[in-house]
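First the structure, in the form of structure tokens, and then the observations on it.
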Amino acid sequence: MNKEKKRNQENDINLMDVVPVTIVESVTTDDGLVTLLRPKFRNKFLKTYLLPRMKNPNYKINLDEFGSFVWQQCDGERTVLNIAEELKTQFGEKIEPVYERLGIFIRQLESNKLIRYEYI
């Protein structure tokens with residue numbers, strides 16, 4: 001699939017109706033913040049031969065309180081719209097404009113292959 005066709009498909013979906021599902025591991029600290037563990041290599045050959053020799057096989061991505069909350073809500077059951085409502089309830093005015101911010105964040109997670117979309 002070429003990039004133009006894929007870009008058009010991404011623009012055609014209603015992001016509020018998708019269900020985000022996490023596909024990388026994460027660690028939650030005592031204060032509730034999440035660190036994502038993204039593998040450095042996805043290629044089977046590199047994973048087999050290089051990763052065992054590396055000190056740390058993952059990139060660590062630290063999320064702030066908003067990102068951590070969203071990550072914990074990506075359980076495969078809630079839609080992005082449900083997550084937005086939970087964000088408004090949890091953070092109030094601090095998160096506004098919630099739909100725009102959440103849309104950008106969810107798209108970034110998906111484009112970096114940290115989550116995948118399931119369609120309802």
Residues in region 41-60: is at least one at pLDDT 70 or above, in contact with a Leu (Cβ under 9 Å, 6 or more places away or on another chain) and under 17 Å from residue 106 (Cα atoms)? no
Conditions: (1) more than 25 Å from residue 77 (Cβ to Cβ); (2) modelled with pLDDT of 90 or more; (3) charged (D, E, K, R). Residue 25 meets all but one. Number of the miss? (1)
Residue pairs, Cβ under 8 Å, 6 or more apart or interchain, first in region 96-120 and loosely packed, with under 12 Cβ neighbours inside 10 Å and aromatic (Phe, Trp, Tyr), second assigned to a loop (DSSP other than H, G, I, E, B) and modelled with pLDDT of 95 or more. List them. none
Within region 101-120, residues part of a loop (DSSP other than H, G, I, E, B) and at negative phi come out as 112, 114, 120
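The values are calculated or read from the model by the stated rules, or taken from the named source; none is laboratory data. What you see is a predicted model; the values in this text were computed from it and never measured. A quick note on method: Cβ atoms are made from the backbone with ideal geometry, for glycine too, and the neighbour counts reach across all protein chains shown.
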